[in-house]
1. Can you name every residue in segment 36-57 that is at pLDDT 95 or above, of a type outside the set (D, E) and touching a helix residue (DSSP H, G or I) at 6+ places or on another chain (Cβ under 6 Å)?
2. Out of everything in segment 36-56 that is part of a loop (DSSP other than H, G, I, E, B) and within 18 Å of A77 (Cα to Cα), what residue ends up being farthest from ligand 1 (Cβ to nearest atom)?
3. Can you find, within segment 36-60, the residue that is farthest from ligand 2 (Cβ to nearest atom) among those that are buried (at least 19 other Cβ atoms within 10 Å of the Cβ), within 17 Å of the chain's Cα centre (by Cα) and among the small types (G, A, S)?
4. When you check G33 against the structure, is it loosely packed, with under 10 Cβ neighbours inside 10 Å, closer than 26 Å to D78 by Cα and out of contact with any Ser or Thr (no Cβ under 6 Å at 6 or more places or on another chain), yes or no?
Amino acid sequence: MPPGPQPVSNFAIHIKTVTPPSITPRGDMNHDGIITPADAVIALTIAASGGENCDADIDGDGKVTSLDGLMILQVAADNIVI
Ligand SMILES: [Ca+2]
Ligand SMILES: [Ca+2]
């Protein structure tokens, strides 16, 4: 490219949009961004079915139990912070 002023057509603008990773609070089982009793119900359903979900394991014992569901319910009620 010769030195000096360049025509505008020689330049391209690349706009890259970056989607930030969604910030989901721990225990937000339905990924709506807030912790509500609905999240506790989902965790309890997982607990009752013996399923595994690391998002639902609030107490970090490696299992999803009714305690995790209870803790999510407590968070929803603003009684505890996880
Ligand atoms: Ca939620
Ligand atoms: Ca647990």
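1. T36, P37, A40, A43, L44, A47
2. Residues of segment 36-56 that are part of a loop (DSSP other than H, G, I, E, B), as a first pass: 36, 50-56.
When the remaining residues are screened for being within 18 Å of A77 (Cα to Cα), the result is 36, 56.
On the way: T36: 5, A56: 12 Å.
Out of the qualifying residues, it is A56.
3. Here the answer is A40.
4. Values: loosely packed, with under 10 Cβ neighbours inside 10 Å: no; closer than 26 Å to D78 by Cα: yes; out of contact with any Ser or Thr (no Cβ under 6 Å at 6 or more places or on another chain): yes.
Against the criterion (loosely packed, with under 10 Cβ neighbours inside 10 Å, closer than 26 Å to D78 by Cα and out of contact with any Ser or Thr (no Cβ under 6 Å at 6 or more places or on another chain)), G33 does not qualify.
Quick grid of which residues meet (1) at pLDDT 95 or above; (2) within 16 Å of ligand 2 (Cβ to nearest atom); (3) not in a helix (DSSP H, G or I):
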| site | (1), (2), (3) |
| --- | --- |
| P2 | no, no, yes |
| P5 | no, no, yes |
| K16 | no, no, yes |
| P20 | no, no, yes |
| I23 | no, no, yes |
| R26 | no, yes, yes |
| G62 | no, yes, yes |
| M71 | yes, yes, no |
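The values are calculated or read from the model by the stated rules, or taken from the named source; none is laboratory data. This one's a predicted model, so the numbers in the text were calculated from it and none came from an experiment. Cβ sites come from the backbone with ideal geometry, for glycine too, and all protein chains shown count toward neighbours.
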